[in-house]
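What follows is a set of notes on a single structure, which appears directly below.
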Amino acid sequence: MSYMPLPSQQTLPSSSVPQRDRAQSVGIMLPSSPTVPLLPSSAPETPSSDAFYSSEKPDGQHKQQYAIGRLLLRRLRRIGAVLHASSNKRIGLWCLLLLIAKLLGEVVYYYAGRLPSEFYRVLGDRDVSSFYPLLFRCILVVTVAGACHAALELGGGLLGTQVRQTLTEYTHARYIDEKTLHGVATQGLVDNPDQRVTQDIERLSTTLATVLPELLLAPPLVVYYTVKCWNISGFLGPLSIYLYFIVGALASRMAMPPVVKQVYRLERAEGDFRFLSLRVVEYAESIAFFSGQQRERKAADSSLNGVISVQKQLLWKQFWLGLVTQVFAYLGSTVSYVIIAVPIFLGRYDDRSGGDLSSVISMNAFVSLYLIYRFSLVIEQAKRLADVAGFGTRIVQLWEAADWLDRQASEQAVRNTEGKVVTQGLCVGAPRDGRLLVSNLDLQLGPGDSLLITGPNGVGKTSLLRVLAGLWPPASGTLSLPAAAAHAVFFLPQQAYMVAGSLREQLSYPWTTSGQSRVCSDGELARVLALVGLEHVPRMLEGEGEGDEQQRQLGVYDRWVSAQTWARVLSPGERQRMSIGRVLFWRPTFAILDECTSSLDVAAEERVYAAMQEAGITVVSVGHRAELQRFHRRRLHLLADGSHVLE
Ligand SMILES: Nc1ncnc2c1ncn2[C@@H]1O[C@H](COP(=O)(O)OP(=O)(O)OP(=O)(O)O)[C@@H](O)[C@H]1O
């Protein structure tokens, strides 16, 4: 037996403050305590992104603004790199087709733009013989323009879906993995991750599909029309248009950052609002028992008010941005008059008269207006770019949280081939306030060394299990886990998780471990169900899917059942038994059980523990009942000051 007294309120000496700053700087939300080294030393050095989202001015420093701009660019570049590296070749194909349609559309638009001046000339000269061919050309041009427009819409939509699929699959691969899902959920690294995956990626993809062709096509068209404009009015024309563009771009650049921040804040507020609505449904019974409807209604209204208020602020920020872009769009036509006026007042067309002069003026006006239009289109993209920046930031933050957790994972767990759980000087800290929960734990558990962890509420039992399961990093010390952990260690939380699927899938969840699936007979499943006292469940499912011919043809173990139905028809105790059934099905070397029998009566608890013992599974349990001790060879008692007693 070892006993390690420690002074109370002890905290861990650590170098976590700069690490925390660095993680927050990439937009990962971390607990405020500076004492627990949750962050890796290799986190990237970036400016504080808090300034990026909040409405407060980032100290008014240009340097910081510049750094935030660089951070934003880096994040957008990362999205570009993911799309570029993707095996989804259709993205490139749709991009190319979209560009071709856009280019064709521009050529047709150019010809359509010349038609009025030609009509002026033909009508001015009363030239009937030229009128009909011109009319025919007009119909042809309009038809091709319509086809190009429809093709652009289709191409844009298809490109958007391909981009969405690629980014979502990449995000799934980064987010739904061994560590990230749990880390993001329990450490609250980013807000509303579900919304980032489902909504933000969709919005980013749709907006990107609209913005990309405009921006890609802008440079060659601008060069082409600059040359044309130069021919009409000399260098003064393009010069005044370029000046107009530079002032417009600078003005919209100034109005854009507040919109980006606000888009980000609105997404967050929307996510919180949706989360609240989901919770009301999930906890409908608790709310009904407490008669808490009034309070829930108030909370829902208040969350809605939050969303509306941020939405209004966004509308105002967009108003200023819209004002700049629209004023510049309209100013463009005024600039075009100046450009047309210059050669006229210089007397360049003095030899022309009547219809001829008006057709030349109309043609020149079109060329200069078109150049201005191209530039104002670029300025107008500012609003969409602000959306891209806001959504993109939220998506990449999730990837950055995954990167950060990956680095933690690679630093924390060593694997051993002896199939043991070994800790040396292991310290566990509370994530939020940095309190030391467990200190200097030296433990060696081999197969058969079952351990019961006890201690008062909130002392750190679950936190220790998370560290032992390799889900959380230790604050300090070393941890060695059996190799091929997925097969060797099973972790059961207190709240049983019911998946959507058949009884076979429910019991054999997660269907594969260490990349291997297990084929099992109905008889084997019935045996496992009997061990945990759920032999009645197949009978309960006999009526399932009655109206569905396909379902009825399936055996009772294979009928599909929704997750809601599972949660509704099984009591909390039955759900816990089902979850223990999975352990008996997979027979891992170690099962780490976090009060996962809390809803079972004493007899049922003893029955499942006996079954696990018989199956040769070594259990590491957290539990409060004294009866549990006889199923464990060792006991670890945690004390509130971070010390422990190991027997
Ligand atoms: N995800 C988290 N984020 C921040 N703080 C946490 C988190 N999980 C646990 N804590 C804090 O760490 C401390 C230990 O919690 P833990 O759940 O490990 O206690 P426990 O001994 O398992 O409690 P109980 O007996 O009630 O289950 C608590 O003060 C808790 O508030």
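Explain nothing, just compute: Karplus ³J(HN,Hα) = 6.51 cos²θ - 1.76 cosθ + 1.60, θ = phi - 60°, for every residue of the range 519-531 in order, whole Hz, x for Gly and Pro.
These are the phi-based 3J(HN,Hα) values: 7, 9, 7, 4, x, 5, 5, 5, 5, 5, 4, 5, 4 Hz.
Could you tell me the relative contact order of the range 81-200? Use alpha-carbon pairs under 8 Å, at least six residues apart, and round to a whole percent. Mind dumping the intermediate values first?
Details: 59 pairs, mean separation 43.8, N = 120.
Reported as a whole number, the value is 36 percent.
Tally Lys and Arg at +1 and Asp and Glu at -1 over the other residues with C-beta under 12 Å from the C-beta of residue 133: what net charge comes out?
Details: positive: 137; negative: 118, 127.
Its environment carries a net charge of -1.
Measure up 89/179; 102/228; 312/383; 261/312; 89/383 against 22 Å on the Cα-Cα distance and list the ones that go over. Intermediate results must be reported in sequence, preceding the final value.
On the way: 89/179 30 Å; 102/228 20 Å; 312/383 16 Å; 261/312 14 Å; 89/383 29 Å.
Beyond 22 Å: 89/179; 89/383.
Return an integer: the convex hull volume of the alpha-carbon atoms of the range 212-329, in Å³ per residue.
Values: hull volume 12.3 nm³, N = 118.
Per residue, the Cα convex hull of the range 212-329 comes to 104 Å³.
Express the Stokes-Einstein translational diffusion coefficient of the range 90-129 in µm² s⁻¹, to the nearest whole number, given a Kirkwood radius over alpha-carbon pairs, 10 °C and a viscosity of 1.306 mPa s. Write out the running numbers ahead of the final one.
Working: Rh = 12.3 Å.
In µm²/s, the coefficient rounds to 129.
Going by amide H atoms built from the backbone, whose H comes under 5 Å of the H on residue 491, apart from near neighbours?
Residues meeting the criterion, in which the H sits 1.01 Å from N, are 592.
Arranged from highest to lowest average of other beta-carbon atoms within 10 Å per residue, in what order do the peptides 612-625, 549-562, 445-458 appear?
612-625, 445-458, 549-562
With N denoting the number of residues in the range 443-496, provide Rg(C-alpha) divided by 2.2 N^0.38 Å, to two decimal places.
Details: Rg = 11.9 Å, N = 54, 2.2 N^0.38 = 10.0 Å.
Dividing the Cα Rg of the range 443-496 by 2.2 N^0.38 Å gives 1.19.
From Cα pairs below 8 angstrom and at least 6 apart in sequence, can you work out the relative contact order of the range 416-488, rounded to a whole percent? Spell out each step's value before the answer.
Numbers: 115 pairs, mean separation 32.9, N = 73.
Answer for the range 416-488 is 45 percent.
So how do 469-477, 283-291 stack up, highest first, on mean other-Cβ count within 10 Å?
Working: 469-477: 21.9, 283-291: 10.8.
Going from most to least packed, we get 469-477, 283-291.
Using a cut-off of 13 Å between beta-carbons, work out the net charge of the residues near residue 379 (Lys and Arg +1, Asp and Glu -1, residue 379 not included).
Values: positive: 253, 374, 383, 384; negative: 214, 380.
Charge balance near residue 379 sits at +2.
Eigenvalues of the Cα gyration tensor times 5, then square-rooted: what semi-axes does that give for the range 70-136, in whole angstrom, largest first?
On the way: eigenvalues 450, 45, 3 Å².
In descending order the semi-axes read 47, 15, 4 Å.
Could you tell me the accessible area of residue 596 in Å² (1.4 Å probe, neighbours in place), rounded to the nearest ten?
Probe radius 1.4 Å; accessible area of residue 596 about 0 Å².
Just the accessible area per residue of the range 262-330, please: how many Å² with a 1.4 Å probe? Working shown, then result.
Details: 4720 Å² over 69 residues.
Heavy-atom accessible area per residue stands at 68 Å².
Taking amide H atoms as placed 1.01 Å from N in the peptide plane, list the residues 5 or more away in sequence, or in a different chain, whose amide H sits under 5 Å from that of residue 472.
Residues meeting the criterion, in which the H sits 1.01 Å from N, are 467.
Ordering 497, 110 by how much accessible area each has at a 1.4 Å probe, largest first, what is the list?
Working: 497 125, 110 20 Å².
Reading off the accessible areas and sorting them downward yields 497, 110.
I'd like to compare 574-583, 361-370, 167-176: which one has the highest average count of other Cβ atoms within 10 Å, and what's the full order after that?
Details: 574-583: 23.9, 361-370: 21.2, 167-176: 17.1.
Ranking the peptides 574-583, 361-370, 167-176 by packing returns 574-583, 361-370, 167-176.
Starting from the amide H of residue 455, placed 1.01 Å from N in the peptide plane, find each other amide H under 5 Å away whose residue is 5 or more places distant or on another chain.
638
Just round it to a whole percent: the fraction of Cα-Cα distances in the range 496-647 exceeding 26 Å. Walk me through the numbers on the way to the answer.
On the way: 3634 of 11476 pairs.
Percent of Cα pairs beyond 26 Å in the range 496-647: 32.
The values are calculated or read from the model by the stated rules, or taken from the named source; none is laboratory data. The model shown is predicted, which means the values in this text are computed figures rather than measured ones. Please note: Cβ atoms are built from the backbone with ideal geometry, for glycine as well, and neighbour counts cover all protein chains shown. Accessible surface areas use protein heavy atoms only, side chains included; no ligands, DNA or RNA. Shrake-Rupley method; radii C 1.70, N 1.55, O 1.52, S 1.80 Å.
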